[in-house]
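Working notes, beginning with the structure itself.
The values are calculated or read from the model by the stated rules, or taken from the named source; none is laboratory data. Being a predicted model, the structure only gives us computed values, none of them experimental. Methodologically, a virtual Cβ is constructed for each residue, glycine included, from the backbone with ideal geometry; neighbour enumeration extends over all protein chains shown. Surface areas here come from the heavy atoms of the whole protein model, side chains and all, with no ligands, DNA or RNA. Shrake-Rupley method; radii C 1.70, N 1.55, O 1.52, S 1.80 Å.
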Amino acid sequence: MLEHEYALRADLDPTWAVRPRALLHHQGRPCLVFDDPGGGLLAQRLGTPPMDVGLCLRLGVGLAAALGAVHRRGIIHKDL
């Protein structure tokens with residue numbers, strides 16, 4: 001699966017996606033290497049206290065825009 005994701009790197013635009021930099025093997029297993037674009041994980045923003053409505057809407061709009069760009073490139077996703 002990681003080899004397939006790495007093969008898609010040319011179709012990913014860094015304005016809406018994190019592109020893999022390299023596909024390496026570590027201890028006999030493939031792994032993807034990415035640049036750190038900054039920011040944080042969405043999972044870290046969930047929970048209590050509830051997320052600010054404005055922030056929630058900005059994140060949702062950004063996610064929808066990125067997903068739209070993925071669809072325009074003809075990339076099919078399964079694991080969102």
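Simple point charges give the picture: +1 on the Cβ of Lys and Arg, -1 on the Cβ of Asp and Glu, and for the chain a dipole about the Cα centre of about 80 debye. Placing a pseudo-label 7 Å from each Cα along the Cα-to-Cβ vector at Arg29 and Leu63 gives an inter-label distance of 2.7 nm. Take the chain with all the other protein chains still there, run a 1.4 Å probe, and you get 83 Å² of accessible area per residue. If one takes the longest principal axis of the Cα atoms in the chain, at what angle in degrees, from 0 to 90 and to the nearest 10, does the Cα axis of helix 53-72 lie? Roughly 30 degrees between the two axes. For the stretch 1-16 and the stretch 34-80, what is the separation of their Cα centres, given in Å? Going from one Cα centre to the other spans 17 Å.
When only Cα pairs below 8 angstrom with a gap of at least 6 residues are kept, the chain shows a relative contact order of 23 percent.
Evaluate the stretch 31-80: find the radius of gyration of its Cα atoms, find its Kirkwood radius, and give the ratio Rg to Rh. We get a ratio of 1.03 for the stretch 31-80. A simple spin-label model places the labels of Asp13 and Leu41 2.9 nm from each other, with each point 7 Å out along Cα-to-Cβ.
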